[in-house]
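Written out below as structure tokens is the structure these notes cover.
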Amino acid sequence: GAEVVFSVDCTKLTEYFPPGKREFDRIYFNFPHCGRKAGVAKNRELLARFFHSSAEVLALQGEVHVALCNGQGGTPADQPRREWHNSWQIVAVAAGAGFILSDVHPFKAETIHGYKCTGYRSQDKSFCVEGALNHIFTRSTAPLCFTPVSCKAQLGSQKVSFQVPQVLVDKINRGFLEVNSSHPVRTIKEKLSAGLSQAFPLQNISSCLPLLHQGHPHGVCHSNIFWITLSPGEAPGTEEMSQGLANAVLFSHFGQDTDRNIQGGCPVPKQFYLRPSLLPHAQAVIQKGAFPPGTLHVLSGPVFRKCRITPRSMPVFHEMLVVLAVSRGTENSCIQVLVDNIKTTTSSLHQGVSGAKPSINLQEATSFGTELNDFAAFEWQLGEIQHFLCVGTDPDPSGSCVGVIRTAPDELKSSELVVVSASLNLDLLAMLLCGISDWRMLWTSDRRFLQQFPEGELRLFKSFSLYPPSYVHDVSFWVPDGQEFDEVAFHTLARRVSGETVISIQLRDSFQQPGTGRRSLCYRVTFQSCDRALGCREAAEMQLHFREEIQQHLGVTLR
């Protein structure tokens, strides 16, 4: 009952199938080849035109299956694997048409009903399919369109609006911690809260925590902060700013530097910034007086920090902050109970996901040395830390810091009580527990991510984008005389320009010109997306845009 169409040009499928006969669920192309002694370049071109043609006739959830001989695809699934330049580079070619490789498995002709291998040009000459692979491609989500987004926030007693930094446009107000969310970070937060409630009376701080702060966080590097300019006409007046300061009492180690100008008897803060921590909100709870000793107060929400680009360094993550007051002299035993509870819950979650038991340990801050991940390094800037909470899983049994524990003896101005706080990075925990290697996957808009965690069930994550292609570009420039180069700003520009498709930035060379003393830097920038198609042309355009942006915003002179 099938319709058979002959002499179809695979690069012009729309010419053979009118609109009513398109929307194919599957398109199969077994062992494509240009014919004769065509080289890899011509066969790549054939595949590129085929994928572009397939995109026009494939259903939204459809699949494209391409079978290739062993080694042709150029992916790690090929054994042995050819050198990249000598392969058909099928994943990169497909990415140019908006496809990602979602599965690959051995091609077994004997399992396909009616399939017959006719040999080489129908001659009595065998066609070798041993080790051949079937590559299954699906549509990628569309590239992100970073149109300006305005956000409203509470500042003191007034609501103000501001333009969201472009690098955060797709991450603001995602609602991962809301009641109807099945995102892994919410599941982990709820499980940890349930476990802690077995050891302490627990109170969730449900009120909306302000996104914006005023002034400057004491001790925190300026370049690590997302500074905000309020929309025109939105700046609060003196009265509102004074009221805002009166309502915002911060941890002593997380204070504010204020302008020396005085208006109405109150210092006026200089600037506005997105919250990098929930610590100030915990301090506000303490100062309000509704802070009974022994009760665990839980705050949670996204926090924002500029940082360098690595697979586990995130400019936004969900923080879970637990705070309680205990009798002086009992803080160490209280910390041990807190940590033991977190260990028990985390171990239970990890065993449920992978069947393996993770190593969870509490490390003294003095023994941690300089081997800090970006989360831990930033926490140091916020104030003194007593302990690091580290979770180790294969292949990193030594552990990654996912939390810090502090004691603040003077917060309650009491000789009898001490405040103990623990800050946890829920995103890092989700990555470690679910086997997610790249933080960007937690923020993907592709539905296939959340489909792997139905009703908040934690599972070992299986990537729907296999062997994503990477593209390497170098950029070198002269640094302005007498200026220190801001590497965090450099990385943040790369995030913004590429839409978070830069996975690595490495310093390749630093050169000082004799005589003039001018300094030149050379960086290697690697583009790779973990969840959507990224073609070589798109990456090259991003690189050119990046060069323009660093010249304009960082004042460098390109070489």
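The values are calculated or read from the model by the stated rules, or taken from the named source; none is laboratory data. These numbers were taken from a predicted model, which means no experiment stands behind them. Positions of Cβ are backbone-derived with ideal geometry, glycine not excepted, and every protein chain shown enters the neighbour counts. All accessible areas refer to the heavy atoms of the entire protein, side chains included, with ligands and DNA or RNA removed. Shrake-Rupley method; radii C 1.70, N 1.55, O 1.52, S 1.80 Å.
Results, tabulated for the structure shown:
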item: Square roots of 5 times each gyration tensor eigenvalue, C-alpha, segment 471-558, largest first, Å; result: 26, 12, 11
item: Cross-link reach list, aspartates and glutamates versus Lys152, counting only Cα pairs under 19 Å and skipping chain neighbours closer than eight places; result: Asp170, Glu178, Glu234, Glu240
item: The chain: DSSP helices with Cα axial extent of at least 30 Å and average Kyte-Doolittle hydropathy no lower than -1.0; result: 331-354
item: Positive-end residue of Trp84, Thr118, Ala59, charge dipole of segment 13-139 with Cβ unit charges; result: Thr118
item: Rounded to the nearest 10 Å², the accessible area of Tyr467 at probe 1.4 Å; result: 90 Å²
item: Restraint check, Lys37/Lys116; Lys159/Lys191; Lys37/Lys125, Cα-Cα greater than 25 Å; result: Lys159/Lys191
item: Sites Ala199 and Glu487 - FRET efficiency at Förster radius 45 Å, r taken between beta-carbons, to 0.05; result: 0.60
item: Rel. contact order, % - alpha carbon contacts under 8 angstrom, at least six apart, segment 471-558; result: 41 percent
item: Modelled label reach - Leu60, point 7 Å along Cα→Cβ, segment 16-51 residues with backbone N closer than 19 Å; result: 19-27
item: Relative contact order of segment 134-222, pairs being alpha-carbon contacts under 8 Å that are 6 or more residues apart, as %; result: 22 percent
item: Listed residue (Pro315, Phe546, His491) projecting farthest to the positive dipole end of the chain, Cβ model; result: Phe546
item: Lys, Arg +1 and Asp, Glu -1 on Cβ, resulting dipole of the chain about Cα centre, debye, nearest 20; result: 1180 debye
item: For the chain: relative contact order, % (alpha-carbon pairs under 8 angstrom, 6 or more apart); result: 13 percent
item: Exposure rank, largest accessible area first [Lys306, Lys42, Lys189, Lys288; 1.4 Å]; result: Lys288, Lys42, Lys306, Lys189
item: Selected from Ile100, Ser327, Leu417, residue furthest toward positive end of dipole (the chain; charges at beta carbon); result: Ile100
item: Computed [θ] at 222 nm, helices only, for the chain once each DSSP H run of length n ≥ 4 contributes -39500 (n - 2.57); result: -7500 deg cm²/dmol
item: Rounded to 5, the percent of DSSP beta bridges in segment 13-139 classed as antiparallel; result: 70 percent
item: Only Lys, Arg (+1) and Asp, Glu (-1) charged, at Cβ; segment 471-558 dipole about Cα centre in debye; result: 160 debye
item: Label of the coordinate-derived value, Cα Rg over 2.2 N^0.38 Å, listed as [x] 1.14; [y] 1.30; [z] 1.21; result: [x]
